Amino acid sequence: MADSSLRVAVVGAGHLGRHHARLLARIEGTTLAAVVDTQLDRATAAAEPSGARALADYRELFGQVDAVTVAAPTELHHQIALPFLERGISVLVEKPITRTLQEAEALIVAARASGATLAAGHTERYNPAVAAVMPLVATPRFIEVHRLGAFPDRSLDIDVVFDLMIHDLDIILAMVKSEVSAIEAVGVPVLTDKFDIANARLRFASGCIANVTASRISREKVRKIRFFQQDAYISIDYAEQEVEGYRLNRREGQRPEIQGGKLPVAREEPLKRELEDFVRAVRDRRRPLVTGEDGLRALKLAQAIAEKMETV
């Protein structure tokens, strides 16, 4: 595989799938072989710019590709991804990885058995601002998250916890290397029969507290996360890819001094970074940055939060 082009296909040509196709077609050493969607006109529109095939049935890809990315509705993730993994074909599944924990576990088992790469599409982990902050967050004591957006025309089949909040749950789990010991949560269905706004307060065994708010009914768009740890404060604006960091510099015999400001961030499209990492992981036979196991952990926490909201 190292000396030949990696044949990749996209399953699902909706809003996100179109971007998968656009970016995969531009990655060096990769051939976008096909775009699949049950609505063939959507597959055709996404496939035409690169000359890829447009298909209506993902099963036509068996034996024809080395890897696929799945950007179909969540309820179809397991059904689509499993037969590829069983055949040794690597898969990147968009978040949430599956609808249930059992489905996610089945994908992980299949990938291990066949040796295929399984990646979870938590795109925010590939945000350059997040990458810049990762080495700076050592022992967070408090985390504050606001992810607010306008009412969408997609992803209304799932609660806002699985649609939006799960991005930040994955980031928090990657930063706080400790188990969740307690959850308080509340959610409100405002415009749909699903929870459209939610807040969760997470306590970790380390003592860290995370307060996470997600809404898809806001008039303003906000995507920010803030970390507080001893003598330091770090803030990320996901959308602007901006980072601010401040720390208390203690000087013997002198007053402590606050130092910091904006930190340098090399701006780049997170989805591009995610797909490039997936392609490299497949070619080099290594773990992707966000594994299937990471996707399962984020889903497990999201489900625990959703269950708490149901009982309030």
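A few remarks follow.
- The alpha carbon gyration tensor of region 160-202 gives principal lengths a ≥ b ≥ c with a/c of 1.5 or higher and a/b no greater than b/c, which makes the shape oblate.
- Principal-axis analysis of the Cα atoms of the chain puts helix 270-284 at an angle of about 60° to the longest axis.
- Helix content alone sets the calculated 222 nm mean residue ellipticity of the chain: runs of n ≥ 4 DSSP H residues at -39500 (n - 2.57) each, divided across all residues, give -9000 deg cm²/dmol.
- Furthest towards positive pole of dipole, P270, I197, A306, structure part the chain, Cβ charges: P270
- Peptide packing: for 114-127, 31-44, the average count of neighbouring Cβ atoms within 10 Å per residue gives the ranking 114-127, 31-44, highest mean first.
- For the chain, a Gaussian network of Cα nodes joined below 10 Å ranks F151, F228, F84 by mean-square fluctuation, and the top entry is F151.
- Relative to the current alpha-carbon distance between E144 and E179, full extension at 0.36 nm per residue lengthens the span by 10.8 nm.
- Simple spin-label estimate for D41 and M134 gives 4.2 nm between the two label positions (7 Å along the Cα-to-Cβ direction from each Cα).
- Rounded to the nearest 20 debye, the dipole size of region 175-312 about its Cα centre is 260 debye, using +1 on the Cβ of Lys and Arg and -1 on the Cβ of Asp and Glu.
- Among 52-64, 159-171, the order from most to least packed when residues are scored by Cβ within 10 Å on average: 159-171, 52-64
- Antiparallel DSSP beta bridges within the chain, as percent of all bridges there, nearest 5: 60 percent
- Applying 0.36 nm per residue to the separation of R201 and L76 and subtracting their alpha-carbon distance, the gain on full extension is 42.0 nm.
- Among 231-240, 254-263, the order from most to least packed when residues are scored by Cβ within 10 Å on average: 231-240, 254-263
- Each Lys and Arg contributes +1 and each Asp and Glu -1, all at the Cβ; summed about the Cα centre of region 238-312, the dipole is approximately 360 debye.
- DSSP bridge orientation in region 71-218 - percent antiparallel, rounded to nearest 5: 60 percent
- Centroid-to-centroid separation of region 12-37 and region 253-312 [C-alpha atoms, Å]: 22 Å
- Cβ charges +1 (Lys, Arg) and -1 (Asp, Glu), total dipole of the chain, debye: 740 debye
All of the numbers you see were taken from the coordinates with simple rules; none came from a lab. Since this is a predicted model, take the numbers as computed values, not measurements. As a convention, Cβ positions derive from the backbone with ideal geometry for all residues, glycine included, and neighbour counts pool all protein chains shown.
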